[in-house]
Every structure is written in structure tokens, then in C-alpha cells.
Amino acid sequence: MNGIQFLSTFVKLISELRSVFTKPSFVHFQAIWAGVLLGCPKKTVTAAVKLAGLVKKFSNVNRFVSQYRWDAGPLGIAVLKLVLKTLDLTTGSIILALDSTFLPKFGAKIFGCAYHYNYARKRNVPTYMWGHEWLVMSLLYFSSLFDKWLCFPFLAQLFVPEKYLPKDQSYRSSIEIASEMILYVKEHIKHKLILVTDGFFTKKKFIRICIGSGVVLISRLQSNAALHLLPVRSSQKKRGRPRKYGRRLASLKQLAKKNNGFENTEIKLYGKKRRLRVKRIDALRKPAGQLIQVLIVFYESQKKPAFFFSTDMDMPIADLLKRVAPRWSLENLFKDIKEDLGWSQRQCRVEKAVSRSTTLTCSAAPLLLLWSHQQASQRQPEFWDVLSWRPNKSSPSFKDMIEQLRCRNTDNIFLALEQSNPIKPENKALIRAILKVAA
């Protein structure tokens with residue numbers, strides 16, 4: 001490539017993904033990532049072609065997304081393995097988060113577009129919106145350097161309602177897609193998996209698949225969930241099969257009103273120490289088919305309780321709550337990828353291009369986070385810009401990481417220019433300032 005290229009430290013990370021692509025495809029892969037991470041303001045394939053200097057072969061880059069032989073699944077697993085290797089998570093359990101997000105689109109001939117119910121709608125926003133619904137799986141990791149949870153997305157699958165599917169394709173519900181995703185990760189990763197989701201995924205089929213594959217599931221629980229005690233075994237023989245479920249408990253709302261059984265605790269959640277009132281209940285739930293651990297939680301500033309459950313009966317209460325809280329970092333990451341990596345700007349229309357472009361965009365975020373984490377661990381100066389009104393900023397935002405990568409890339413170009421053509425000292429500061437503005 002004759003255009004803008006990545007730093008050697010970033011190229012070292014990208015090279016770990018070389019096995020997923022052929023040699024020509026890897027060049028196009030780097031070009032698209034350069035457009036996603038270094039380009040501005042547009043993040044489309046066309047912008048990536050201009051930035052990488054591939055104008056004479058621009059059609060190859062488009063065919064890389066829509067036609068070339070590579071799969072999004074192996075790329076996602078390669079990204080996950082790279083994250084685990086770089087963060088030294090070779091043994092023990094890892095925490096995964098699964099959630100869905102909506103991307104509005106415009107146009108009738110875009111594959112996978114449909115009307116979806118807008119759960120996060122605000123005032124004067126339609127109840128149903130036209131676009132794509134994506135299921136994204138990410139790795140959650142607490143960084144002691146940044147003192148916050150980092151979210152590394154690696155798999156993305158498109159959900160298409162049955163009404164909008166082509167006739168030659170079979171319908172898969174969101175639960176079926178989510179089940180396939182967790183089984184695919186379990187097949188390639190030998191770690192113990194702890195999966196955190198929202199309440200939408202607490203369906204019987206998904207819970208049973210997680211339990212059957214040895215994945216610990218943590219999620220919210222609806223207040224009207226039916227919970228049962230263990231059945232009382234009678235010493236006398238009776239006709240018929242033994243009961244599977246005992247007496248049904250009162251609703252969670254009613255159990256929350258009773259003051260007995262609550263414990264006061266203080267846990268660091270969402271970056272601050274918080275006081276909680278927690279009650280634990282071990283009960284049977286029919287969708288799970290086994291005992292589950294249920295928590296009724298009153299946060300310090302909330303009057304209404306929150307309800308959570310875990311399929312791991314031995315997990316301490318503090319650990320369960322600490323693993324539920326960072327799921328919100330996935331929601332923040334959706335916002336960052338849409339705004340800063342151009343996820344919502346993709347203009348792909350055919351099936352392969354639609355599915356692959358999302359994986360390419362989402363997989364760029366983990367590499368940026370890894371690179372930033374490495375730079376911080378090396379104690380390099382000016383890792384992120386310190387604001388004059390916030391001198392004690394403890395950790396960089398996603399935007400800070402992108403700006404730092406661009407600035408380091410600009411410095412690299414400046415050094416290359418200085419080596420080939422010596423620059424007068426009085427002009428160095430001016431040229432550096434111009435390059436940073438251009439970046």
C-alpha cells in the first residue's frame with residue numbers, strides 16, 4: 001500500500017490474524033481497518049480505498065467484502081484467541097456478554113432489513129424502525145491499569161424476521177442464533193465460560209443449552225417468574241411418578257417486601273463503592289430444569305428492587321453482582337462503534353457484504369483496546385490527552401484511544417519526513433500541529 005499505514009506496534013497485533021486470510025486478502029483487510037481506525041469522517045469502503053492508496057485496484061477491496069473466500073466466524077475466534085493471549089488469560093474462566101442492538105437503514109434493497117420493535121425509543125420516535133438487528137458477543141475484562149471494565153467484541157450475527165427472508169433460506173430466531181454463537185465459542189475455546197445477558201435471552205431453549213454445555217448463565221429475572229421449592233420426598237410409596245417441583249413461591253415482588261433474609265453489603269460497582277441490600281433464594285425454575293440462585297437486590301439510590309439469577313449455585317453473591325454490572329460496558333461499546341468506527345455508515349447491500357462488514361468493524365475495536373492497553377503498560381508519555389478541567393483523569397475513553405493511535409501514526413510520518421528531508425527547528429512545531437489537525 002502506498003497510502004497511510006499502521007504503526008509497527010499495531011501491525012504486530014494485526015499479523016496474528018494473518019492465518020484467517022490469503023496473502024492478497026490480508027492486504028485488503030489491512031486497508032479496510034486503516035479506513036475504520038485512521039480515516040475520518042467517513043468509514044466506508046470507498047474512504048478506506050482512498051486512505052490506503054489502492055485507487056487503481058479499488059474493485060478488489062469491494063470484492064474482498066462481498067465475494068472473497070473468508071469467513072467471519074474464524075476471524076472472530078482468531079480475535080478472541082489473540083485477546084486471551086495478549087491479556088494472559090490462558091487458564092481459568094472468562095466472562096462473555098451477549099446483547100442485541102439496532103442499526104437504522106434507508107433503502108428497500110438491502111439484505112436483512114426489516115421493521116424491528118424499537119425498545120430504546122424516545123419521544124417522537126416511531127415504535128417500529130427499518131434496519132438491521134445484530135446479536136453481538138464480547139469478552140469482558142477488568143483492566144487494573146485503566147481501573148474499568150473493557151469490552152472486546154468478536155462475533156456478530158444478523159437476525160432477520162421470517163417475513164423478510166429470501167425463499168431459499170430457513171428462519172432462525174434470535175434464541176437459535178444466540179445458541180449457535182455460544183456453542184461455536186465453546187467448541188473453539190477450552191476455558192470455563194460465564195455468559196452475562198439481559199432478560200430477553202432467558203428462554204428455556206437457551207438456558208438448557210448453556211447448562212448442557214457447561215456454560216454458567218447470569219441474567220436478569222422478571223418479577224413474575226415462577227419459582228418453586230424442592231419437592232418433599234415422602235417415605236410412603238404412592239402411585240405415579242415423583243413430583244419434580246415443590247410448592248410454588250410467592251412472586252419476587254412479594255418476596256422483596258419481606259424484610260427477613262436481607263443482608264447489607266458494600267461492593268464496588270460501576271466504578272464506585274455502593275451499599276446494597278441483598279437476599280438470596282435457591283429455587284427451581286422450569287425453564288432451567290434445575291436449582292438456580294436468585295438474588296433480590298436493592299441498590300442504594302433505587303426504591304425498586306432488581307432481580308438476577310445464576311445457574312452456578314456455588315458462585316458467591318459478590319462475584320455474581322460484579323459480573324452482572326460490566327454488561328453495561330457492551331451498551332457503551334455499541335455507541336462507540338457506531339459513532340467512532342462508522343458501524344452505522346456501512347452502505348453494503350448484498351448478503352455477504354452486510355454480514356462481513358459488521359464483523360470487520362466490530363473486530364477492529366478489540367485490537368484498538370489491546371494496543372492502547374499495551375501502550376499504557378509500557379508507561380509511554382501522553383497516552384491520552386489530559387483536559388485542563390479534568391487533570392486527574394484516570395482512564396482513556398474509546399475516542400481518546402482512536403485519537404492517540406492517529407497522533408502516534410502522525411508522529412511516525414513526521415519522523416519519516418524528517419529523516420529524508422531535514423526540517424528547520426522553527427518549522428517542526430508548526431508541521432507537527434498541522435499533521436495532527438489533518439489526522
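Read-outs: derived from the displayed coordinates by stated rules, not from any lab. These figures come from a predicted structure and were not determined experimentally. Here the Cβ positions follow ideal geometry from the backbone for every residue, glycine too, while neighbour counts run over all protein chains shown.
Amide H to amide H, with H built 1.01 Å from N, L227 comes under 5 Å of L249, counting only residues 5 or more places away or on other chains. If only the Cβ of Lys and Arg carry +1 and only the Cβ of Asp and Glu carry -1, the dipole of the chain around its Cα centre is close to 2060 debye.
Percent antiparallel among DSSP beta bridges with both residues in region 115-241, to the nearest 5? Counting only bridges with both partners in region 115-241, antiparallel ones make up about 80 percent. Once you sort the root eigenvalues of the Cα gyration tensor of region 16-126 as a ≥ b ≥ c, which label holds: rounded (a/c under 1.5), prolate (a/b larger than b/c) or oblate (the other case)? Oblate shape, in that a/c is at least 1.5 and b/c is the bigger or equal ratio.
Rounded, prolate or oblate: which fits region 170-271, taking a ≥ b ≥ c as square roots of the Cα gyration tensor eigenvalues, rounded meaning a/c under 1.5, else prolate when a/b beats b/c?
Oblate, because a/c is 1.5 or more while a/b does not exceed b/c.
Of all DSSP bridge pairs formed entirely within the chain, close to 85 percent run antiparallel. Sequence-ordered 3J(HN,Hα) estimates for region 70-76 from the Karplus curve with 6.51, -1.76 and 1.60 and θ = phi - 60° stand at 7, 10, 5, x, x, 5, x Hz, glycine and proline given as x. Using +1 at the C-beta of Lys and Arg and -1 at the C-beta of Asp and Glu, which of S170, F159, F201 has the Cα lying farthest in the positive direction of the dipole of region 148-228? Positive-most Cα among the choices belongs to F201. Computed over the chain, relative contact order equals 17 percent, with contacts defined as Cα pairs under 8 Å that lie 6+ residues apart. Spatial offset of region 178-224 relative to region 346-378 amounts to 24 Å, using the alpha carbon center of each. Across region 395-411, coupling constants 3J(HN,Hα) worked out from phi with the 6.51/-1.76/1.60 Karplus curve, θ = phi - 60°, read 8, x, 7, 4, 5, 4, 5, 5, 5, 5, 4, 5, 5, 5, 5, 5, 4 Hz, and Gly and Pro carry x. The reciprocal of the average 1/r between distinct C-alpha atoms defines the Kirkwood hydrodynamic radius, which for the chain equals 24.4 Å. The lysines within cross-link reach of K268, meaning a Cα-to-Cα straight distance under 27 Å and a gap of 8 or more places when in the same chain, are K148, K192, K253, K257, K258, K279, K303, K304, K322, K335, K393, K399. When both region 88-130 and region 10-24 are represented by their alpha-carbon centers, they are found 29 Å apart. From the square roots a ≥ b ≥ c of the eigenvalues of the alpha-carbon gyration tensor of region 228-360, which class results: rounded (a/c under 1.5), prolate (a/b over b/c), or oblate? Oblate, since a/c reaches 1.5 and b/c is not below a/b. In terms of packing, defined here as the mean over residues of other Cβ atoms within 10 angstrom, the peptides 259-272, 117-130, 325-338 line up highest first as 325-338, 259-272, 117-130.
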